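Presented below is the structure to which this report refers.
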Amino acid sequence: MAAFSQRILLKMCPVVGRLHFVNDTQGILCVSFIVAYWLYGVFCNLVIILLPRYYDGLVSGVIIGIYSALGVLTICSLFRASTLNPGRIPPNSESSQADETDWTYCQVCLRTRPPRAHHCRRCRQCVMKMDHHCPWINNCVGEANHWAFYQLLFYAFLLSAMSFIQCLLHWYFFPKCVHCDRTAFYIRHQLGLMYLETTLSFLMFAAMGCMLFGNHLNLILDRTTLDVLHNPYPQDMRVKRTSLEAYADLCGSRSKLTWFCPCGERRTGPMYMHADMV
């Protein structure tokens, strides 16, 4: 039995370690679109809005620093969520699990899996506590990378909110720039560029806000997106744990300050005892 699906590519990187790629054309196109939008949005906000107003004395360098930091954190979170192993189920081996009563057998990838694991048709593998397959990161969201996906939602929400506010200031508050190069292409065509950026930043702000709220509810109710799809209205809708307990379970036992770092790792106890994570 192959250790990995044929769609999974693994590469070792000297800096960040093992990278997990899903060889799916649709997913690669979706991620490429997100990266292109990130480049477009950051360019418009920095080059058309912030930097000209900085030279005009209307915007502090601190604002530019905060926006740049959010941009870097967002793209780093996207990279981590896209390249982390979501919690794939390894091939069957000698089991050391004390109680496998609730475990099931996947007829597709022929592996024994613990409760709440599901088979992903896009990745062609079973994933621990699978939440859903997200084409926008070209990866499954599961037990091992859900924290990185939540980081992506959080930073994308902050970045899009700041972008939208800056667009509104550009339209309704800031005067025309004085020290900008009016012969530059992006200044001569800023009307169309900024209309598009304002629309996209608002849509992203609304989408990320809704997804953050939905994920927060699922966390405190201890439900996944697949649980909601299979049973939208369960009999027991009581809050299962506090928000702090939910986020500690999501992000691991690290210091709470490191929960916001995309370069960190999720430290927990063994997620299952069937075999080592690979």
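The values are calculated or read from the model by the stated rules, or taken from the named source; none is laboratory data. Worth saying up front: this structure is predicted, and the values here are computed from it rather than measured. Here the Cβ is made from the backbone with ideal geometry for all residues, glycine too, and neighbour counts use every protein chain on show. For accessibility, only protein heavy atoms count, side chains too; no ligands or nucleic acids. Shrake-Rupley method; radii C 1.70, N 1.55, O 1.52, S 1.80 Å.
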- line: When restricted to Ile75, Ile66, Ile28, Ile34, the only residue β-branched (Val, Ile, Thr), open to solvent by 60 Å² or more (accessible area, probe 1.4 Å) and more than 17 Å from Gln166 (Cβ to Cβ) is Ile28
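State whether one or more residues within segment 75-91 are in a strand (DSSP E or B) and at pLDDT 90 or above.
Narrowing segment 75-91 to residues in a strand (DSSP E or B): 88.
Pick out the ones that are also at pLDDT 90 or above and you get none.
No; the residues of segment 75-91 include none that is in a strand (DSSP E or B) and at pLDDT 90 or above.
Can Ser95 be described as of a type in the set (Ser, Thr, Tyr), at pLDDT 95 or above and either open to solvent by 40 Å² or more (accessible area, probe 1.4 Å) or in contact with a Phe, Trp or Tyr (Cβ under 7 Å, 6 or more places away or on another chain) (or both)? Walk me through how you get there before you give the answer.
Numbers: of a type in the set (Ser, Thr, Tyr): yes; at pLDDT 95 or above: no; either open to solvent by 40 Å² or more (accessible area, probe 1.4 Å) or in contact with a Phe, Trp or Tyr (Cβ under 7 Å, 6 or more places away or on another chain) (or both): yes.
No: the conditions fail for Ser95.
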Leading residue by the ranking (nearest to Pro135 (Cα to Cα)) among those in segment 45-70 that are modelled with pLDDT of 95 or more and touching a Leu at 6+ places or on another chain (Cβ under 6 Å): Leu70
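Name the residue, out of Ser253, Ser160, that is modelled with pLDDT of 80 or more and either in a loop (DSSP other than H, G, I, E, B) or open to solvent by less than 50 Å² (accessible area, probe 1.4 Å) (or both). So that I can check it myself, show each step before the final result.
Values: Ser253 fails: modelled with pLDDT of 80 or more.
Of Ser253, Ser160, the one residue that is modelled with pLDDT of 80 or more and either in a loop (DSSP other than H, G, I, E, B) or open to solvent by less than 50 Å² (accessible area, probe 1.4 Å) (or both) is Ser160.
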task: Would you point out the residue of segment 163-176, among those that are under 14 Å from Leu50 (Cβ atoms) and not in a helix (DSSP H, G or I), that is most open to solvent (accessible area, probe 1.4 Å)?
output: Phe173
- request: Kindly list the number of the only condition in (1) farther than 24 Å from Gln151 by Cα; (2) assigned to a helix (DSSP H, G or I) that fails for Val59.
  value: (2)
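In this structure, is Ala148 assigned to a helix (DSSP H, G or I) and surrounded by fewer than 24 Cβ atoms within 10 Å (Cβ to Cβ)?
On the way: assigned to a helix (DSSP H, G or I): yes; surrounded by fewer than 24 Cβ atoms within 10 Å (Cβ to Cβ): no.
In short, no.
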